[in-house]
1. For a protection proxy built on the mean count of beta-carbon atoms within 10 angstrom, sort 133-146, 231-244 highest first, please.
2. About the Cα centre of the chain, how large is the charge dipole given +1 on each Lys and Arg Cβ and -1 on each Asp and Glu Cβ? Please answer in debye to the nearest 20.
3. For region 101-113, in order, what is each residue's ³J(HN,Hα) by Karplus, 6.51 cos²θ - 1.76 cosθ + 1.60 with θ = phi - 60°, in whole Hz (x at glycine and Pro)?
4. For region 95-168, state which GluC sites (Glu not before Pro) are in a DSSP loop and have at most 11 other beta carbons lying within 10 Å of their beta carbon.
5. Using DSSP to define loop residues, name the trypsin sites (Lys or Arg not before Pro) in region 149-180 whose beta-carbon has at most 15 other beta-carbon atoms within 10 Å.
6. Can you list residues whose amide H is under 5 Å from Phe13's amide H, if they're 5+ apart or on another chain and H is modeled 1.01 Å from N?
7. If each DSSP helix of 4+ residues adds -39,500 (n - 2.57) and the sum is divided by the residues in the chain, what number results at 222 nm, nearest 500 deg cm²/dmol?
8. Go through region 5-71 and name the trypsin sites (Lys or Arg not before Pro) that are in a DSSP coil and have 15 or fewer other Cβ atoms within 10 Å of their Cβ.
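Readers should treat all values here as calculations from the given coordinates under stated rules, not as data from a laboratory. As the structure is a prediction and not an experimental result, all values here were calculated from the model. Glycine also receives a Cβ, built like all others from the backbone with ideal geometry; neighbour counts cover every protein chain displayed.
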Amino acid sequence: MDDSRETIGPQAFVTGFPVKHSRSPLIHGYWLNTLKLPGNYGAREIAPADFGQFVQSMKAGEEPYVGGNVTIPHKEMAFQLADEPDELSKELGAANTLWLEDRKLKATNTDGRGFTANLDERHPGWDNAEVAIVFGAGGASRAIIQAVRDRGFKDIRVVNRTVDRARELADRFGSAVTAHPIQALREVMSGAGLFINTTSLGMDGDEAPHIDFSPLRDGAVVTDIVYVPLKTPFLLQAQNQGFAIVDGLGMLLHQAVPGFEKWFGKRPVVDEHLRDLII
Ligand code: ATR
């Protein structure tokens, strides 16, 4: 290793296409600063056609990186190109966190851990339920379904406008997960203890459908992966109807924790200053 790397510390990246909207450099930069660690985390825009070459160069030690994050549209390819993807990413067929270890490229997916860590922090006891509603069946819903199942939910009902996409997820995850059309939402919500919006509806002040959350059981928790605005239309409605809510910002922050620890060697803390910095 050349000497400059010793003094500037480990280098990590986030790549996507586009990548300019990524909040990850702010998050990791905050932790590097507050923990006073040497190192750098930067955004690198890479077109899909160039991503394979980038990963090969990294494996060959021709890039300065010890690892990094990948976001849309590279998550599936990152998983495929990894030498040793872990079990979580294998089941999802997608990875968001890469690191070099023993000359091997390792991969995991931290979205599910971000999701559960956020709920653990903001609403302990959220998992004292058997039935969960996952609204939406896009890319973001997979890791959430996996995480909710792994936390012991026995009956996970995926509700989606295009019911075939929900069925694909039900097939992937087995008998704990069932698929339902959006028209059945009210009926399907009956007795559930957790409702998760995994669609982008309501983002940036956009319209979101009116939802009557009353079929949920008493004490149910409603959460959203959208965090701009922090109180999304789903969360506002749920709160007005007397349900507990948890915003999605913490999922973004907590999913970054395992990668930071791998690359820079110290487990960072998600604190209120970081939340204020990101919103
Ligand atoms: P990603 O993979 O990034 O999550 P996506 O595949 O476009 O993005 O998924 C977005 C989710 O929001 C899907 O569940 C989508 O429903 P469809 O599968 O039917 O497209 C859902 N969604 C987006 N706009 C919607 C709308 N106006 N009404 C209901 N669901 C909507």
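1. Values: 133-146: 22.8, 231-244: 17.9.
With the highest mean Cβ count within 10 Å placed first, the list reads 133-146, 231-244.
2. Working: 29 positive and 37 negative charges, 32 e Å.
The dipole magnitude comes to about 160 debye.
3. So the Karplus estimates, Gly and Pro as x, are 8, 6, 6, 10, 8, 9, 9, 9, 10, 9, 4, x, 5 Hz.
4. Working: sites: Glu101, Glu121, Glu130, Glu168; in loops: Glu130.
Qualifying residues, ordered by number: none.
5. Working: sites: Arg149, Arg151, Lys154, Arg157, Arg161, Arg165, Arg167, Arg172; in loops: Arg151, Lys154, Arg161.
Sites meeting the loop and neighbour criteria: Lys154, Arg161.
6. Gly42, Gly67, Gly68, Asn69
7. Numbers: 13 runs with 111 residues, N = 279.
Computed mean residue ellipticity for the chain: -11000 deg cm²/dmol.
8. Values: sites: Arg5, Lys20, Arg23, Lys36, Arg44, Lys59; in loops: Lys20, Arg23, Lys36.
Loop-located and lightly packed - Lys20, Lys36.
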